[in-house]
Amino acid sequence: MTKVTFYENRNGNISGFEARDHAGYAEEGEDIVCAAVSALVIHTINSVEQFTEDQMETESDEENAVIRFRIRGNISHESKLLLHALAATLSDMQETESYKDFINVNFVEV
């Protein structure tokens, strides 16, 4: 199961996330849940990098299927929007009957 943890402050602003593990929906290379999560995560990271001035940190470990992303300092309106859109989309996937056993989304206050 893919687990995505979003880090949010007490105001509900998301400052980053960690995505880990393979979904297990299908064989490697044919797993549409893993592919969707990966595409959404990479799209979000690239968008923050290209369209904002926010300072960010990324760390990935392909061998262990982990990617971590954090914005340091102030979070721009654009990054807030991108991170909340990612969280909403992944949460919607988690609520879908076909995918609910393959993705887990949670939020922790930091």
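Quick look at the numbers
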quantity: Calculated diffusion of the chain, Stokes-Einstein form, Kirkwood radius summed over Cα pairs, 20 °C and 1.002 mPa s, µm²/s; calculated: 152 µm²/s
quantity: With Cα atoms, 0 to 90° folded angle of helix 77-95 axis to the chain main axis; calculated: 20 degrees
quantity: Shape box of the range 46-106 [Cα atoms, principal axes, largest first, Å]; calculated: 38, 29, 18
quantity: Fraction of accessible area attributable to carbon and sulfur, the range 1-98 (%, probe 1.4 Å); calculated: 44 percent
quantity: Largest-first ordering by accessible area, 1.4 Å probe, given options MET56, MET93; calculated: MET56, MET93
quantity: Helix axis angle, 32-51 relative to the chain longest principal axis, alpha carbon, degrees; calculated: 20 degrees
quantity: Within the chain, helix-based [θ] at 222 nm, where runs of 4 or more DSSP H residues each add -39,500 (n - 2.57), nearest 500; calculated: -12000 deg cm²/dmol
quantity: Accessible area of the chain divided out per residue, in Å², using a probe of 1.4 angstrom; calculated: 61 Å²
quantity: Antiparallel DSSP beta bridges within the chain, percent to nearest 5; calculated: 70 percent
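The values are calculated or read from the model by the stated rules, or taken from the named source; none is laboratory data. Predicted, not measured: the structure shown is a model, and the values here were computed from it. Ligands, DNA and RNA are stripped out before the accessible areas are found, and what is left, the full protein with its side chains, is counted by its heavy atoms. Shrake-Rupley method; radii C 1.70, N 1.55, O 1.52, S 1.80 Å.
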